[in-house]
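Take a look at the structure set out below.
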Amino acid sequence: MKKIITLAIIFAMLFAFVGCNKTETPVPTPTVNPDTTGTPAPQETEGEPVSVAIVVAGGLGDRSFYDSADEGLKKLKDTYGVVTQVLECKEDASLYQPYLINAAEEYDFVVAVGWQFYDALVAVAPTMPDTKFIYVDNAVADIENVHNILSAQNEGSFLIGYIAAKMSKTGKIGAVGGMDIDTINDFIAGYKQGALYANPDIDVQVVYAGEFEDPAKGKESANSLITAGCDIIFQIAGKTGEGVFEAAAEQKIYAIGVDSDQKYINPDVIICSMKKEVGESIFAAVEEFINNGTFMGGETVVTNMENGFVGVGYGEDTLTQLVSDELKAEVEALKAKIISGEIVVDTTRQ
């Protein structure tokens, strides 16, 4: 992998989503959204707006990672008139490669959203050098037309773990991961470290649901943690995490959201969320390309707390606030120590 660049400047890339079904039928030709109102964008072909297709490994409707990316796409369309489309693969690995090819044949930029696209991008991108690819949540090495975006989710998770340990009354907190993989374990590494920083005697338990699209498995996983005595559970499981919120509400414990500020889903149950602002990072990257024509192919950027993309969300002030002002102040102090390097957060990434 080329050098990892901490995103002190706003990076270059483009996103857009394209709809697709979990079937073996041929991929439909993307339909260009005719709504291209907004500030005209510089064009790769004179007279035509920039076009962006986003291919998501899972599906929209998770109110988290994929929906955040979609929000960034909509903001781009509204602001710059970018032509957009979305393809949803619904965790069907057989669709990853053909959907990337389909999108690359029609769009200037193809954004692969999800760590799952690694093999497909390695196979497809070098064969389509005229297409600019953007890879979110993982990175491929030395492919000149692929720009990678990673997030320092471990940093935000450190703060979440600190909050959970401080608020736990049983001395046991949990996490439900979608799968036992490096990306999810990066969250867990920070979560555990932050919890132990707050309370060296805290018991942190982890269950992997084995699925990102199944709320029933999320609920089952959360209930097993609740039975073991956990009174706060961090969901790191996409749509599966909806089941964690349901179990927490039924069993009258607290939960923590992920990727987006999920407080609004159940303000009396969700104490806070670990945000990594996927949509805003997409918007910023595309905006940089539109305004300056910059594409950082072959390179990797990292969104983190220093550049403002990673942090803690407590919901709107009008919602029930379960985290005290005093604890929020402690979290801000820890955030400053992480940014300065005084605290180095554990990570699964090299």
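Readers should treat all values here as calculations from the given coordinates under stated rules, not as data from a laboratory. Nothing here was measured: the structure is a model prediction, and the numbers come from that model. Backbone-built Cβ (ideal geometry, glycine too); neighbour counts: all protein chains shown.
In summary, the stretch 89-170 shows an alpha-carbon radius of gyration equal to 1.46 times the 2.2 N^0.38 Å reference for compact globular proteins.
Distance from the alpha carbon centroid of the stretch 107-157 to that of the stretch 212-285 works out to 26 angstrom. Across the options SER273, SER224, THR300, the greatest Cα extent toward the positive end of the charge dipole of the stretch 214-350 (unit charges at beta carbon of Lys, Arg, Asp, Glu) belongs to SER224.
Just the number, please: Stokes-Einstein D of the stretch 172-234 in µm²/s, Kirkwood Rh from C-alpha pairs, 4 °C, 1.567 mPa s. Estimated via Stokes-Einstein, D reaches 109 µm²/s. Of the beta bridges in the chain, as assigned by DSSP with both residues counted there, near 5 percent are antiparallel.
Averaging the sequence gap over all C-alpha pairs within less than 8 Å and six or more residues apart, then dividing by the number of residues, gives the chain a relative contact order of 21 percent. As a proxy for reagent exposure, PHE289, PHE309 were ordered by neighbouring Cβ count within 10 angstrom, fewest first; the result is PHE309, PHE289.
About the centre of its Cα atoms, the stretch 260-346 shows a dipole size close to 140 debye [charges on the beta carbon of Lys, Arg (+1) and Asp, Glu (-1) only; nearest 20 debye]. Going by neighbour counts of Cβ atoms within 10 Å, the residues ARG349, ARG63 line up, fewest first, as ARG349, ARG63. Going from the fewest other Cβ atoms within 10 Å to the most, the residues LYS239, LYS192, LYS328 appear in the order LYS328, LYS192, LYS239. Rounded to the nearest 20 debye, the dipole magnitude of the chain is 740 debye, with +1 charges on Lys and Arg beta carbons, -1 on Asp and Glu beta carbons, and the Cα centre as origin.
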